[in-house]
Amino acid sequence: MKGKHTWSIIVYLAVGLYFSYRYSALSSLGILLIMVSHELGHYMCAVIKDKNPRFIYRGNFGVSYSRRVGERGLLIMSGGMIVNFLFLPLFVGMKVLDMDALWIALLIIGGSLGDIVHIVKELRKSANYH
């Protein structure tokens, strides 16, 4: 596997195929909606902070707004989770994968683990706690 995003694409594809098989295809579109709204949250917060964001379509889908982690800011890093939790009633109403609110919240947190790690590192760095 040559590309650094190849492994994540294969994992996302396998998980998507499993959910499409296990549940109905329309229910799996709710997962896509959660992922897209997460990235839109990053995008909106980057626009608010004037970071000139852009979407990345090659490899791992996401939003590019700064090259260095320290310039990202806590609002931009947490923007995806903020938007997902604001839309939580919508996701529950859509019956995403026939899950209740707690499971959807855990799905959002699990999908945002990379952002959570960056937020914790940034908070530790700002508190001078190594």
Q. Reachable aspartates and glutamates from Lys125, Cα under 17 Å, same-chain residues fewer than 8 places away excluded?
A. Glu71, Asp115
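Using the beta-carbon distance between Asp50 and Asp98 and R0 = 41 Å, what value does 1/(1 + (r/R0)^6) give for FRET efficiency, to the nearest 0.05? Mind dumping the intermediate values first?
On the way: r = 41 Å, r/R0 = 1.00.
Using R0 = 41 Å, I get an efficiency of 0.50.
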**Q.** Karplus-derived 3J(HN,Hα), 6.51/-1.76/1.60, for each residue of segment 114-121, Hz, glycine and proline x
**A.** x, 5, 4, 4, 5, 5, 5, 4
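Every number in this text was worked out from the coordinates using simple rules, so none of it is lab data. This one's a predicted model, so the numbers in the text were calculated from it and none came from an experiment. Glycine gets a Cβ as well: all are built from the backbone with ideal geometry, and neighbour counts include every protein chain shown.
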